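The values are calculated or read from the model by the stated rules, or taken from the named source; none is laboratory data. These numbers were taken from a predicted model, which means no experiment stands behind them. Every residue, glycine as well, gets a Cβ built from its backbone with ideal geometry; the counts of neighbours run over all protein chains shown.
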Amino acid sequence: MSLPDRINQDMISALKAGDKAKVGVLRMLKSQFKYKEIETGDSLSEENAIQVLNSYLKKLRESMELYKKGGRDDLFKKEAKEVEIIKEYLPEPLSDSELAEAVNQAISQVNATTVKDIGLVMKSVMDEYRGRVDGKEVQMLVREKLS
């Protein structure tokens, strides 16, 4: 079952169960999927669906950070709940050791030796593990290993 289909079925279940928070998040995701379909002019691929989820997740995390700084715990908790709902639909993230191994492989693949090669290593890791790694974490790890 494709990710958009799974989200659609879960939305129907959440509607029946009366879970307003989950329904709201899933409706927003369906809307984002539709925008992505219009943007690409084609039906939504699994990779594009994961990209939409990651993009929305990034926006939520940024707003959570701002709410925390502003002392708005109520909004922070609401966004945190939405993040947890979205994480259910993302592939399992790489562990720290798996991420370190992936970065080491990418460094050896592209023969990276200096900090100037961060872009090549990042591209290699992100292409292979898209949706399973956070770009900021990868960049920090690559920078650490090449420094």
- Test result for residue 125, touching a residue at least 12 places away in the same chain (Cβ under 8 Å), aliphatic (A, V, I, L, M), over 25 Å from residue 52 (Cα atoms) and outside the structural domain of residue 49 (by TED's automatic domain parsing): no
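Restricting to segment 119-147, name every residue that is in a helix (DSSP H, G or I) and either in contact with a Cys (Cβ under 8 Å, 6 or more places away or on another chain) or more than 25 Å from residue 59 (Cβ to Cβ) (or both).
Once the filter is applied, which keeps residues that are in a helix (DSSP H, G or I) and either in contact with a Cys (Cβ under 8 Å, 6 or more places away or on another chain) or more than 25 Å from residue 59 (Cβ to Cβ) (or both), segment 119-147 yields 120, 121, 124, 144, 145, 146.
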- Note on the structure: Note on segment 23-69: residues farther than 20 Å from residue 83 by Cβ and in contact (Cβ under 8 Å) with a residue 60 or more places away in the chain are 47
- Query: Could you say whether any residue in segment 35-48 is within 25 Å of residue 137 (Cβ to Cβ) and in contact with a Ser or Thr (Cβ under 7 Å, 6 or more places away or on another chain)?
  - Reply: yes
- Message: So, in segment 82-105, how many residues would count as being assigned to a helix (DSSP H, G or I) and surrounded by 13 or more Cβ atoms within 10 Å (Cβ to Cβ)?
- Response: 11
- Message: Give me the residue from segment 1-60 that is at pLDDT below 90 and outside any helix (DSSP H, G or I) and, out of that set, surrounded by the fewest Cβ atoms within 10 Å (Cβ to Cβ).
- Response: 41
- Which one of 69, 77, 136 is modelled with pLDDT under 85 and either over 29 Å from residue 147 (Cα atoms) or not polar (S, T, N, Q) (or both)? 136
- Query: Just one of the numbered conditions (1) in contact with a helix residue (DSSP H, G or I) (Cβ under 7 Å, 6 or more places away or on another chain); (2) loosely packed, with under 12 Cβ neighbours inside 10 Å; (3) within 20 Å of residue 7 (Cα to Cα) is not true of residue 114; which one?
  - Reply: (3)
